[in-house]
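S.K.: Could you have a look at this structure, given as structure tokens, before my questions?
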Amino acid sequence: MEIGIVGKPNVGKSTFFNACTHGSAEVANYPFTTIDSNKGVTYVTSRCPCQELGLTCNPKNAQCIAGTRLVPTSVIDVAGIVPDAHLGKGLGNQFLDDIRRANVLIHVVDASGSTDEAGNPVKRGTHDPMEDVRFLEKEIDMWFVSLFQRNWEKFSRKINLTNANIYQIIADHFSGIGISEDDAYCAIRTLDLDPDRPKSWKEDDLSNFATQIRMNTRPIVIAANKIDIADDDIVESLRENTEYMVPVSAEAELMLKKANTAGLVSYTPGNSDFDITGNLNPKQIDALEKVRVLMKKHGSTGVQTCINTSIFEVLERIVVYPVENEKRMCDGKEAVLPDAYLLKKGSNPRDLAEKIHTDIAKNYIYAVNARTCRRISDDYELQDCDVIKIVSAAR
């Protein structure tokens, strides 16, 4: 699973990346600072079962901060996009290649309206950020259209001559960009297109099909960045005109992450406040208090909310904790609740076994709900925060 951070140049995209990964992507006030995509690990935050169960957990791959579990997922900071990227302008070809690997996109927009369509600085409020939202969607749509147009004649002829399954043909040919048979089926049925006669589809039908595929396979969360200098009515307009929108101050989040690492503040990502714990000078205190006011107004800096919204709401993932000893909630080395895995809603115990290791899945016998110490059925639908023991013949 990978989150793609996208957007035009100079909107704070690399700052957002650094804020959610505490990385070191280059940040500068000019277009195309990000030339090669930056990759890193970010974390979704979830309620850890440790406090509910009265245990002290020992996470292997992340932290648990006072009952808030940080669960890792990968993120990529994609090169900046400009209009006509699908034609290769700017770093368009690299941009489109990078988003092949993303399951969900976080589109960072400059909510203050202080960058033009190419990412150049302009007077605050003179550029409408909704234009950026529309142009990104258009660029990805046109990319999909070009991919389909390249092969549509061949697909149509094969289906007409052999009665082949259009859903399977599309999935087989475009598996590299994450299009499944279900994605093709849902798009065709939503648009009421004829799956048996694709040759009869008009140009608009193919364009609408590409848009529907983009919506199904590359859902977008809008990160309305720079809210510290943005007008409230512009932020509200973004909220009203997009499905998923989060007000964000990437700079504020990065400041808190750095201060937390330095021991100057105590901060849990996603929280609405923080505690000052170190010796600060008046200038530092003033900067942090401005961040506090911003967080009280919006509920948080917004960065963690973007990550959580992308994974939990858009991709519909849950967090499941596998253990080897259901009574002690630990693995074979006595580590309590050591692992936390992200699984799609509707997953069953065999899906969890596959996530742990293919050999465990191949030799799967049954599963146990560690909370009740009772065996569960193979078709049991796993729930968020479930603690599960997988019994397998594999060692």
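S.K.: In segment 369-395, which residues are farther than 13 Å from residue 328 by Cα and among the hydrophobic types (A, V, I, L, M, F, W, C)?
M.R.: Across segment 369-395, the qualifying residues are 376, 382, 385, 390, 391, 393, 394.
S.K.: Another question, if that's okay. Can you tell me which residue is surrounded by the most Cβ atoms within 10 Å (Cβ to Cβ) among those in segment 117-139 that are more than 24 Å from residue 211 (Cβ to Cβ) and without any contact (Cβ under 8 Å) to a residue 60 or more places away in the chain?
M.R.: For segment 117-139, the residue satisfying everything is 127.
S.K.: Also: In segment 309-346, which residues are closer than 18 Å to residue 52 by Cα and of a type in the set (Asp, Glu)?
M.R.: Matches in segment 309-346: 326, 339.
S.K.: Looking at (1) touching a residue at least 60 places away in the same chain (Cβ under 8 Å); (2) under 25 Å from the mean Cα position of the chain (by Cα), which is the one condition that is false for residue 180?
M.R.: Unmet for residue 180, out of (1) touching a residue at least 60 places away in the same chain (Cβ under 8 Å); (2) under 25 Å from the mean Cα position of the chain (by Cα): (1).
S.K.: Has segment 179-190 got at least one residue that is under 16 Å from residue 100 (Cβ atoms) and either assigned by TED's automatic domain parsing to the domain that holds residue 97 or assigned to a loop (DSSP other than H, G, I, E, B) (or both)?
M.R.: Yes, segment 179-190 contains a residue that is under 16 Å from residue 100 (Cβ atoms) and either assigned by TED's automatic domain parsing to the domain that holds residue 97 or assigned to a loop (DSSP other than H, G, I, E, B) (or both).
S.K.: Kindly indicate whether any position in segment 204-211 is surrounded by 15 or more Cβ atoms within 10 Å (Cβ to Cβ), more than 24 Å from residue 243 (Cα to Cα) and within 30 Å of the chain's Cα centre (by Cα).
M.R.: The answer is no, given that none of the residues of segment 204-211 is surrounded by 15 or more Cβ atoms within 10 Å (Cβ to Cβ), more than 24 Å from residue 243 (Cα to Cα) and within 30 Å of the chain's Cα centre (by Cα).
S.K.: Of everything in segment 145-157, what is closer than 19 Å to residue 176 by Cβ and not aromatic (Phe, Trp, Tyr)? Give them in sequence order.
M.R.: Matches in segment 145-157: 145, 146, 147, 149, 150, 151, 154.
S.K.: Being β-branched (Val, Ile, Thr) and in contact (Cβ under 8 Å) with a residue 24 or more places away in the chain is the filter; apply it to segment 154-177 and report the residue that is farthest from residue 100 (Cα to Cα).
M.R.: Ranking the qualifying residues of segment 154-177, first place goes to 159.
S.K.: Still on this structure: Would you point out which residue out of 226, 199, 257 is out of contact with any strand residue (DSSP E or B) (no Cβ under 9 Å at 6 or more places or on another chain), in the same structural domain as residue 301 (by TED's automatic domain parsing), touching a residue at least 40 places away in the same chain (Cβ under 8 Å) and charged (D, E, K, R)?
M.R.: 257
S.K.: Would you mention how many residues in segment 342-395 are of a type in the set (Val, Ile, Thr), farther than 16 Å from residue 319 by Cα and either touching a residue at least 60 places away in the same chain (Cβ under 8 Å) or part of a helix (DSSP H, G or I) (or both)?
M.R.: 2
S.K.: Looking only at segment 319-346, which residues are crowded, with 19+ Cβ neighbours inside 10 Å and out of contact with any strand residue (DSSP E or B) (no Cβ under 6 Å at 6 or more places or on another chain)?
M.R.: 338
S.K.: Scan segment 250-281 for residues that are surrounded by 15 or more Cβ atoms within 10 Å (Cβ to Cβ) and hydroxyl-bearing (Ser, Thr, Tyr) and report the count.
M.R.: 3
S.K.: A further question on this structure: Out of segment 231-249, which residues are crowded, with 24+ Cβ neighbours inside 10 Å and either of a type outside the set (S, T, N, Q) or part of a strand (DSSP E or B) (or both)?
M.R.: Passing the criteria: 245, 246, 247, 248.
S.K.: Can you tell me which of (1) within 30 Å of residue 124 (Cα to Cα); (2) modelled with pLDDT of 95 or more is the one residue 192 doesn't meet?
M.R.: Against the list (1) within 30 Å of residue 124 (Cα to Cα); (2) modelled with pLDDT of 95 or more, residue 192 comes up short only on (1).
S.K.: In segment 202-223, what count of residues is obtained for those that are without any contact (Cβ under 8 Å) to a residue 12 or more places away in the chain and outside any helix (DSSP H, G or I)?
M.R.: Result for segment 202-223: 1.
S.K.: Let me ask something else. If the requirement is being of a type in the set (A, V, I, L, M) and over 30 Å from residue 2 (Cβ atoms), which of these qualifies: 188, 213, 222, 276?
M.R.: 276
The values are calculated or read from the model by the stated rules, or taken from the named source; none is laboratory data. Treat the numbers as computed from the prediction; the structure is a model and nothing was measured. Positions of Cβ are generated from backbone atoms using ideal geometry, with glycine treated the same way; all protein chains shown enter the neighbour counts.
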